[in-house]
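A.B. asks: The following block contains the structure, expressed as structure tokens.
What follows is calculated from the coordinates using simple rules that are stated; it is not laboratory data. Remember, it's a predicted structure, so these values are computed and weren't measured experimentally. Ideal geometry is used to build each Cβ from the backbone, glycine not excepted, and the neighbour counts take in all protein chains shown.
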Amino acid sequence: RFEGSTIFVTGGAGFIGSAVIRHLLADTGARVVNIDKLTYAANLASLAGYEGNPRYAFERQCISDDAGLRKLFDKFRPTAVMNLAAESHVDRSIDGPAEFIRTNIVGTFSLLQEALRYWRALHPDGRAQFRFLHVSTDEVFGSLGRDGLFTEQTAYAPNSPYSASKASSDHLVRAWRETYELPTLVTNCSNNYGPYHFPEKLIPHIIIRGLADESLPVYGDGKNVRDWLYVEDHARALTLALENGKVGETYYVGGRSERTNLEVVEQVCDLLDAFAPSTRGSRRDLITFVTDRPGHDRRYAMDSGKIERELGWRAHENFESGLAKTVRWFCENRRWWQDILDRGYQRTRIGLG
Ligand code: NAD
Ligand code: TDX
């Protein structure tokens, strides 16, 4: 698979991007170029051991910098781009949306323009192999009621600065295909979780605080529902979509694992109690309800039927198996997350409680 291909992975030092790179290097013959600006959310330690790999290169580069991108396209002549570079934390977008507009909207615009310029120059007849896969989120569709799922027909209705910026980028990708015929595909996925997840997100935040016997903050009433997808299942879905997906199509990737936030936190507590018992008793006693996130979407859930039927994708993990692996990984890889805590990163107002 992908023998002789060169794939740009933007945001490859982030949570999902690094999982995609590990998967591409382990399970395909592709050469991978990791293009990442290295924001607070990046961590090259997530790719430790790959530095000397002849099929892997890292380029520190912002996706909003046209000239820099142009040099990389000309230097590496990629056969595909997987765009995962983004500002990704909803609470942070509420405190300061500017960087979300710059990276998620303007950055995607620059990447599309440079991909188009490169593709046209390289392939004047427009037929040669090139694909641009844009990675997006279920949050662009807003909030679901008690029933139903997001399907590929659901209308966009973003509610946070983050999701509005991601929705804008999805629309740009669509327009570049319709207007300029750039061969694009879009995937929208649900909440990822797994190893190498940045500590400010719900599951790692609860694991790390739980290990220190600190209070475990649950926003609002804890009844908001997310559909949890194990990150390695997502990485396989993205690779399949790039390989066999139809240009111009959108594929949804979900975990078929809807849980309320309170259920997730309680399950993490029980796993921590099993793997790393505390002398102070049950972690559940540390659960604390805190002020809600403004505009907090109540429920997300994805219908993954299309990618399952058309590309043969299946999630390998269910939430119980994936969460157990995740909690164990965080217990066994303290160095990875302790370094991030020691380096420090700016906390959000909501996160500070
Ligand atoms: P992340 O925050 O962990 O990583 C983002 C990476 O992008 C970081 O390494 C960062 O340095 C890099 N980056 C940010 N701005 C950049 C710029 N201007 N130029 C180059 N690199 C830049 O994010 P993630 O959770 O891995 O998410 C990856 C993608 O998947 C994002 O597009 C996100 O919107 C989408 N997504 C994530 C989830 C999830 O649950 N994590 C769910 C749905 C969709
Ligand atoms: O301490 C917390 N307590 C809490 O109750 C945190 C950090 C979160 N929450 C709640 C808010 C959400 O309902 O847990 C849920 C998950 O929160 P996050 O981990 O911040 O993820 P979410 O806002 O759902 O967005 C994630 O999934 C969709 C990613 O961060 C996005 O990039 C992706 O698009």
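A.B. asks: Sequence-distant or interchain residues sharing an amide H contact under 5 Å with L229, placed H: which?
C.D. replies: For L229, the qualifying residues are N191, N192, Y193.
A.B. asks: Can you tell me which aspartates and glutamates have their Cα less than 20 Å from the Cα of K75? Leave out same-chain residues fewer than eight positions away.
C.D. replies: Straight-line reach from K75, under 20 Å: E3, D36, E51, E59, D65, D66, E114.
A.B. asks: Another question, if that's okay. For Q346 paired with L262, estimate the spin-label separation in nm (one decimal), with each label point 7 Å from Cα along the Cα-to-Cβ line.
C.D. replies: 3.4
A.B. asks: Also, I was wondering about something else. Hey, with R₀ at 51 Å, roughly what FRET efficiency would Y40 and R309 work out to, going by the Cβ-Cβ distance, to 0.05?
C.D. replies: Approximately 0.85, to the nearest 0.05.
A.B. asks: Could you list D297, D95, D147 so that the one with the fewest beta carbons within 10 Å of its beta carbon is first and the one with the most is last?
C.D. replies: Starting with the residue having the fewest Cβ neighbours, the order is D147, D95, D297.
A.B. asks: Further question on the same structure: Taking Cα pairs under 8 Å and at least six residues apart, what relative contact order does the stretch 253-335 come out at, in percent?
C.D. replies: This gives 48 percent for the stretch 253-335.
A.B. asks: Comparing R280, R314, R298, which has the greatest mean-square fluctuation in the GNM of the chain with Cα pairs linked when under 10 Å apart?
C.D. replies: R280
A.B. asks: Also, I was wondering about something else. List the pairs from K201/K223; K37/K306; K71/K246 whose alpha-carbon separation is above 23 Å, in the order I gave them. Intermediate values should be presented prior to the final figure.
C.D. replies: Working: K201/K223 17 Å; K37/K306 33 Å; K71/K246 29 Å.
The pairs that break the limit, which is 23 Å between Cα atoms, are K37/K306; K71/K246.
A.B. asks: A further question follows. Would you calculate a helix-derived [θ] at 222 nm for the chain, using -39,500 (n - 2.57) for each DSSP H run of n ≥ 4 and dividing by the full residue count, to the nearest 500?
C.D. replies: Helix-only estimate at 222 nm: -12000 deg cm²/dmol.
A.B. asks: Extension gain L122-F275, at 0.36 nm per residue separation less the Cα-Cα distance, in nm?
C.D. replies: That pair, L122 and F275, stretches by 49.7 nm at full extension.
A.B. asks: In what sequence, highest mean first, do 43-54, 166-177, 342-353 appear when ranked by Cβ atoms within 10 angstrom?
C.D. replies: Highest mean packing first, the order is 166-177, 43-54, 342-353.
A.B. asks: Checking a compactness column here: for the stretch 75-232, what do you get for Rg(Cα) / (2.2 N^0.38 Å), N being the number of residues?
C.D. replies: 1.20
A.B. asks: About the Cα centre, and with charges only on the beta carbon of Lys, Arg (+1) and Asp, Glu (-1), how big is the dipole of the stretch 62-211? Nearest 20 debye, please. Spell out each step's value before the answer.
C.D. replies: Details: 16 positive and 17 negative charges, 92 e Å.
Dipole magnitude for the stretch 62-211 comes out near 440 debye.
A.B. asks: Here's something else I'd like to know. Taking N as the number of residues in the chain, what value does Rg over Cα atoms divided by 2.2 N^0.38 Å take?
C.D. replies: Cα-based Rg divided by the globular estimate yields 0.97.
A.B. asks: Could you give the length gained on full extension between H171 and S215, defined as 0.36 nm per residue of separation minus the Cα-Cα distance, in nm? Could you put the intermediate results ahead of the total?
C.D. replies: Working: separation 44, 0.36 × 44 = 15.84 nm, distance 4.03 nm.
Result for the pair: 11.8 nm of gain on full extension.
A.B. asks: Would you please give the residues with an amide H less than 5 Å from that of A157, counting only those at least 5 places away or on a separate chain, with H modeled from the backbone geometry?
C.D. replies: The list, which skips near neighbours in sequence, is F141, G142.
A.B. asks: Here's a follow-up. So for the pair V290, V247, with labels modelled 7 Å out along Cα→Cβ, what separation do we get in nm?
C.D. replies: If labels sit at V290 and V247, their model points lie 4.7 nm apart.
A.B. asks: Under a point spin-label approximation (7 Å from Cα along Cα-to-Cβ), what is the Y180-V106 distance to one decimal in nm?
C.D. replies: Each label point lies 7 Å from its Cα, and together they span 1.8 nm.
A.B. asks: Find the relative contact order for the chain and round it to a whole percent, using C-alpha pairs within less than 8 Å whose residues are 6+ positions apart.
C.D. replies: 18 percent.
A.B. asks: Also, I was wondering about something else. Using each residue's phi in the stretch 280-297, evaluate 6.51 cos²θ - 1.76 cosθ + 1.60 at θ = phi - 60° and report the 3J(HN,Hα) Karplus result to the nearest Hz, with x for Gly and Pro.
C.D. replies: Along the stretch 280-297, the couplings run 8, x, 5, 5, 4, 5, 8, 5, 10, 7, 10, 3, 6, 5, x, x, 5, 4 Hz.
A.B. asks: OK, next. Using Cα-Cα distances under 8 Å and only pairs 6 or more residues apart, what relative contact order does the stretch 1-116 have, in percent?
C.D. replies: Computed value for the stretch 1-116: 30 percent relative contact order.
A.B. asks: Rounded to whole Hz and in sequence order, give me ³J(HN,Hα) for the stretch 340-347 from the Karplus expression 6.51 cos²θ - 1.76 cosθ + 1.60, θ = phi - 60°, writing x for Gly and Pro.
C.D. replies: Couplings: 5, 5, 5, 5, x, 8, 5, 7 Hz.
A.B. asks: Can you bin the stretch 1-119 into rounded, prolate or oblate? Criterion: square roots of the alpha carbon gyration tensor eigenvalues sorted a ≥ b ≥ c, rounded for a/c under 1.5, prolate for a/b above b/c, oblate for the rest.
C.D. replies: oblate
A.B. asks: What list of ³J(HN,Hα) values in whole Hz, one per residue of the stretch 170-186 in order, does the Karplus curve 6.51 cos²θ - 1.76 cosθ + 1.60 (θ = phi - 60°) give from phi, with Gly and Pro shown as x?
C.D. replies: 4, 5, 4, 4, 4, 5, 5, 6, 5, 8, 10, 6, 4, x, 10, 9, 10
A.B. asks: Y251's amide H: which non-local residues (gap 5+, or another chain) put their own amide H closer than 5 Å, with H modeled 1.01 Å from N in plane and none for Pro or chain starts?
C.D. replies: Here V186, T187, N188 satisfy the definition.
A.B. asks: Ok, one more. Under the 0.36 nm per residue contour assumption, what length would be gained going from the current alpha-carbon distance of A26 and R334 to full extension?
C.D. replies: Values: separation 308, 0.36 × 308 = 110.88 nm, distance 2.42 nm.
Result for the pair: 108.5 nm of gain on full extension.
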